[in-house]
1. Within the set of pairs 6+ apart or on separate chains, which have a first residue in region 475-489 that is on the phi > 0 side of the Ramachandran plot, a second that is of a type in the set (Val, Ile, Thr) and part of a loop (DSSP other than H, G, I, E, B), and C-beta atoms under 6 Å apart?
2. With the structure loaded, tell me whether THR14 is closer than 23 Å to THR135 by Cβ, β-branched (Val, Ile, Thr) and in contact (Cβ under 8 Å) with a residue 60 or more places away in the chain or whether it fails that test.
3. Read through the list (1) within 16 Å of the ligand (Cβ to nearest atom); (2) touching a residue at least 40 places away in the same chain (Cβ under 8 Å), then give the number of the only condition that ASP554 fails.
4. Hey, among the residues in region 314-360 that are away from the ligand (no atom under 16 Å from the Cβ) and of a type in the set (Phe, Trp, Tyr), which one's nearest to ALA399 (Cα to Cα)?
5. Does at least one position in region 470-480 carry a residue that is surrounded by fewer than 17 Cβ atoms within 10 Å (Cβ to Cβ) and part of a helix (DSSP H, G or I)?
6. Show the residue pairs meeting these rules: Cβ distance below 6 Å; 6+ apart or different chains; first residue within region 594-609 and not assigned by TED's automatic domain parsing to the domain that holds ALA555; second residue open to solvent by 10 Å² or more (accessible area, probe 1.4 Å) and among the aromatic types (Phe, Trp, Tyr).
7. Within region 78-117, which residues are in contact with a strand residue (DSSP E or B) (Cβ under 7 Å, 6 or more places away or on another chain), among the hydroxyl-bearing types (Ser, Thr, Tyr) and under 19 Å from VAL275 (Cα atoms)?
Amino acid sequence: MEPIKFNPQSRVFTLRTCSTMYQMQIERYDTLVHLYYGADLGDTEVVHRIVNLDRGFSGNPYEAEDDRRFSLDVLPQEYTAEGNGDYRIQGIEIRHTDGSNCLQLKYCSHQILPGKYRLPGLPSLFTTQESDAATLEILLKDEPSGVEVKLLYGVFPQCDVITRAVEITNHGTSRIALKKAMSLELDFPKRSMDLIHFYGRHNMERQTERRPITHGIQSIESKRGMSSHHHNPAVLICDRRATEDYGDCYGIVFVYSGNFECQVELDQAEQTRLVMGIHPSNFSFRLSPGESFTTPEAVMTWSGKGLEQISHHFHDAFRNHLIRSSYVNRHRPVLVNNWEATYFQFDEKKLYGIAKAAKEIGIELFVLDDGWFGKRDDDISGLGDWYVNEKKIHGGLPALVQKIHNLGMKFGIWIEPEMISEDSDLYRLHPDWCLKVPGRNPMTSRGQLNLDVSRKEVRDYVMEQIFQVLDSCHVEYVKWDVNRAVGNVFSQSLPEDRQGEVLHRHMLGVYDMMEQLITRYPDLLLETCAGGGGRFDAGMLYYSPQIWCSDNTDAIDRLEIQYGTSFIYPISTMGAHVSVCPNHQTGRTTDMNTRAVVAMSGTFGYELDLEHMTKEEKEIASDLITQFKEIEPMIQNGDYYRITAPKDENNAVVWSFVSKDKAKVLVCGVVLRKYPNPPITLLHLRGLDPQKKYKETLTGQIYTGAVLMYAGIPLPLPSMDYESLQYRFEETNEI
Ligand code: DGJ
């Protein structure tokens, strides 16, 4: 199967993955129209899908003369611009020097290339060998201005995803301002679809919402300079009847960690259009003659078998082609983090005490969180002063780290390189290094300001400080945090007409700093974080194989947070810890097994004062680590199934992992309430081989895959509220 084909007679492009097909055609007047995205149709070209009608109040291109049936206002297209009579949401908007904003993008040429295009300075899917992917570049041109738009398509046949990005070049003679440059535009000749998106707030990220797409424009967005706790840069579009294992579904993910906008519009002809890209608000990029702008990447996939297949496509694509860290499928050391154990109140004795207790139960990595540097006894001081506070860590960091290494444990440390406190030596030295609007008091958040990391000298200085710390002691893990949204957007280094570039340049600066870190320490395990899950996105996964999922460590709230996250992101990327009870965020008490079963569907670790644990609790905690290590390969590499959702009428939230060869199954869950005289609920597993026989490892009970899927097994009756369950099944030949 050729992943990309062009038929010069019909002028149709066909992109094919193992089970999907994407088609476009160069139509009359060199207009690039979108034909189809869905199930693979073999060699068929579905040109008959374009129906031209004379629609009132929809204009026609000049070249169409009196053919009123050819109107861009209703044609499905690949990438649309202002000023052509298409009044729907659009991919690109520019302003020419004369103040006009028209772009007539016509097909000019194309290239089919082996391998995957690159986006220097930006996160994007990669290939390990050229045959993993193929690239299609289509060049569109606005003849009068010389503006060229190159549409990039990366086709990954094995994981059924197609990536998109756009490169805009000013080949004209005068400067233009790019006002909007979406990464992806996708037309669906359909109505009656639902939009699923992931909204939330600090401590309650990625809640799942499903709503019908109705006439007009709906928008999911972040203008916070980070992908945000509030909306995730990923959406699903599906058939109204689609379920986990039924129906037509599309998934679109933005590989970017800053401002974004995803707009969806149902138009007058009952067609749906979606655009995804950098938010045009507070965005304007100046392009002088010869200069180019490249958008971040967007990834799309299609499933004809419901939502779970969308998740499988994204999980596989991200595990194999986005996460660069070698930890992606390596054992992640079980960690203890001191944040919820001590907050800012600690000294080296307390830290060592926790590390020692951790070692005794089998923990492998000690992570020193916020508060070890500068004059950082609270959250309003010290950011920017990346040298150890010897008033807290007497004897210095290398001595403490050495003692922890002597225990046979790895050492990790917390940093927040994108920030500065007004009460810091760095601010006193360089008050102009933060984002701040001249003549105004800055808006603070958690008492801190954003460093202007769009400036190279600023990011190089900060990274050099951090490198000195990391070099002084052998650090194996870094937690990179960011605890406020970007605000006061103004950079002292850019002229007035380039301030619209600050937010994107800031994001590129963050990526550059992360790149510097992982290049210098290739074996480092990097966990990114943003006040919990405020930057849980595909952009971050290019740098870090795991992201702290939420500051809410309550196991029951985590069921919803991790459920929403699982639609897009692999389970092994979700930072999840067992914390103390009553839980610090909710006051809820749950059994340690329950907290662990939830945290095991993630990176697994502890975040509590282990010195205060009873002997019995330590034994349980130790057993849980052994259990996690046994199931970790399933969590890292298996196919994930959401068996019951947290928001249904269900009294249990259950999920499972099935190994790729379908020989092993892990079922996990939490029963929410213990009812007296309870109803019996049957669990129907999914993704098994109906013919295979599976043995439940604890009881030895044997079932066929068909029985486990179609007849189901009764949900265990709990002995108390919030009791967890975990079953393992293995293929057997026994009768
Ligand atoms: C927010 C993070 O999500 C927490 O885990 C912790 O690292 C704090 N920041 C420290 O300030």
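The values are calculated or read from the model by the stated rules, or taken from the named source; none is laboratory data. None of these values were measured; they are calculated from a predicted model. Positions of Cβ are backbone-derived with ideal geometry, glycine not excepted, and every protein chain shown enters the neighbour counts. Keep in mind that these areas ignore ligands, DNA and RNA; they rest on the heavy atoms of the full protein, side chains included. Shrake-Rupley method; radii C 1.70, N 1.55, O 1.52, S 1.80 Å.
1. ASN488/VAL437
2. Spelling it out, it is not the case that THR14 is closer than 23 Å to THR135 by Cβ, β-branched (Val, Ile, Thr) and in contact (Cβ under 8 Å) with a residue 60 or more places away in the chain.
3. ASP554 satisfies every listed condition except (2).
4. Filtering region 314-360 for residues away from the ligand (no atom under 16 Å from the Cβ) gives 314-334, 347-350, 352-353, 355-360.
Those left that are additionally of a type in the set (Phe, Trp, Tyr): 314, 318, 327, 352.
Details: PHE314: 43, PHE318: 39, TYR327: 27, TYR352: 11 Å.
Selected residue: TYR352.
5. Just the residues of region 470-480 that are surrounded by fewer than 17 Cβ atoms within 10 Å (Cβ to Cβ), to begin with: 471-472, 474.
Pick out the ones that are also part of a helix (DSSP H, G or I) and you get 471-472.
Yes; the residues of region 470-480 include at least one that is surrounded by fewer than 17 Cβ atoms within 10 Å (Cβ to Cβ) and part of a helix (DSSP H, G or I).
6. Filtered contacts from region 594-609: no entries.
7. Correct list: TYR79, THR80.
A quick yes/no check of all residues on (1) surrounded by fewer than 19 Cβ atoms within 10 Å (Cβ to Cβ); (2) without any contact (Cβ under 8 Å) to a residue 24 or more places away in the chain; (3) over 21 Å from GLU607 (Cβ atoms); (4) away from the ligand (no atom under 15 Å from the Cβ):
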{"residue": "GLY395", "(1), (2), (3), (4)": "yes, no, yes, yes"}
{"residue": "ILE413", "(1), (2), (3), (4)": "no, no, no, no"}
{"residue": "SER421", "(1), (2), (3), (4)": "no, no, yes, no"}
{"residue": "PRO431", "(1), (2), (3), (4)": "yes, yes, yes, yes"}
{"residue": "CYS434", "(1), (2), (3), (4)": "no, no, yes, yes"}
{"residue": "VAL437", "(1), (2), (3), (4)": "yes, no, yes, yes"}
{"residue": "ARG440", "(1), (2), (3), (4)": "yes, no, yes, yes"}
{"residue": "MET443", "(1), (2), (3), (4)": "yes, no, yes, yes"}
{"residue": "ARG446", "(1), (2), (3), (4)": "yes, no, no, no"}
